[in-house]
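Report on the structure given below.
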Amino acid sequence: MTARIICCLVALCSTGSTFAQQPPVTSSTPQLSASPAAATPKSLRDLVNQLDQAGLQQVIEQLRSNYVDPSALTNQEITQAAVEGLLSRLGPGATIQTRAEAERSFRNRPFRSDLIEKQFAYVRLGSFTQQHLPQLDDTLRDLVGRGASGLILDLRTMPPGNDFQLAADILSRFVPKGKILFDLVQQKVGRDRPYTSSVDPIFTGTIAVLVSSENAGTAEAIAGTLRSEVHALIFGQQTSGRAVEYERYLVGNGLVLTIAVSELVIPGLPPIFPKGLAPDIQVSFSKQQQDSVLALADENGVRDYIFDEERPHTNEAALVAGRNPDLDAYEIGYTSGAVKQRAPKDAVLQRAIDFLTTISVFRTK
């Protein structure tokens, strides 16, 4: 392991400090005068990145020679710090877990569909697999036959997998046959695997895609390609950035090292790995609220979590009578103990419906 990696990662593992500790000032150490126009302090990583190979080696030597606790700078400690810091820097590109964590299964989420406002198809993929493709085909044909002019494709309950063949098969239902959807590029060996739309599309109207911060590989490939190929609009939160193919290796005593070996590349889009896919319309929706409303919709369908309940409103007759129907309804409910709690609403889905509604209005003019 090079001195650059070791030094950078030792520094990275130090938390709570913005500045690297300066060596003692001696007669051979140049004095630095304070700058009257001092800028905001740089991060530790930025400071370490300024060091060349000689500077990095000098930091290591000074630490080894002068640090107050020599036991903190053994070869074992430095190697551990290097691995910890390197994994931290690589973000979603590499992780180390116990075997139980690496092999954990995710809750099965149902496939859901509906026709909203008699014109907007809603499809939530859930824990989708190759075996569900015929169901998706039948659902899309049914919704198109019922007059759906727009589609909301909800990816938020998809498990965070990296099944890119499944992504390509789903995309083939929306992208013209023969189009290159995306590539998996393995830069180390100079190899790429293109994925192409394999069938004629079933739905060709306007598409809104719903994503969350937990969406990974498969969902990121679907959302990004629909944006690139059919100009779909993406709603929700920035995705996880795990748009890569992973390999797993057993290391140590029962640990699993997961390493990104191939990167998803979508023509016409910036890289999704490692920062994630940014939505076109960012919707602030806390994870707790979103998880709650998605779980409720898994059980009951989506309709109860889109539109606000109708309430009594003040009208001309009420004004003449000096009454407030809204307040009266609340008082009756309160005194009888029957005040109805309003169902939570899916803010992301509401924004997508607003978008499709706007598009439909403009098309009728």
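Things to note:
- Computed log10 I(q)/I(0) for the stretch 112-282 at 0.10, 0.12, 0.17 Å⁻¹: -0.37, -0.53, -1.01, from the Debye equation with unit scatterers placed on every C-alpha and solvent omitted.
- Distance in nm between pseudo-label sites at Thr364 and Asp192 (7 Å out along the Cβ direction from Cα): 4.4
- Over the stretch 122-168, the Kirkwood radius and the radius of gyration, each from Cα atoms, give a ratio Rg/Rh of 0.99.
- Extension gain (nm, one decimal) between Ser105 and Val251, 0.36 nm per residue minus Cα-Cα: 50.4 nm
- Estimated FRET transfer efficiency when R0 is 41 angstrom, pair Thr204-Arg89 (beta carbons, to 0.05): 0.40
- Linear extension gain, Leu115 paired with Thr40, 0.36 nm per residue minus alpha-carbon span: 21.7 nm
- The label-point distance for Asp354 and Gln80, in a model that sets each label 7 Å from Cα toward Cβ, rounds to 5.1 nm.
- Of the chymotrypsin sites (Phe, Trp or Tyr not before Pro) found in the stretch 105-179, the ones in coil according to DSSP and having at most 13 other Cβ atoms within 10 Å of their Cβ are Phe106.
- Extension gain (nm, one decimal) between Asp142 and Arg342, 0.36 nm per residue minus Cα-Cα: 68.8 nm
- Only the Cβ atoms of Lys and Arg (+1) and of Asp and Glu (-1) were treated as charged; on that basis the dipole of the stretch 112-282 about its Cα centre amounts to roughly 100 debye.
- Candidates per GluC sites (Glu not before Pro) in the stretch 70-105, loop by DSSP, up to 14 other Cβ within 10 Å: Glu103
Throughout, read-outs are computed from the coordinates displayed, never taken from laboratory work. Because the structure is predicted, anything quoted here is derived from the model rather than measured. All Cβ positions, even for glycine, are placed from backbone atoms using ideal geometry, and neighbour counts span all protein chains on display.
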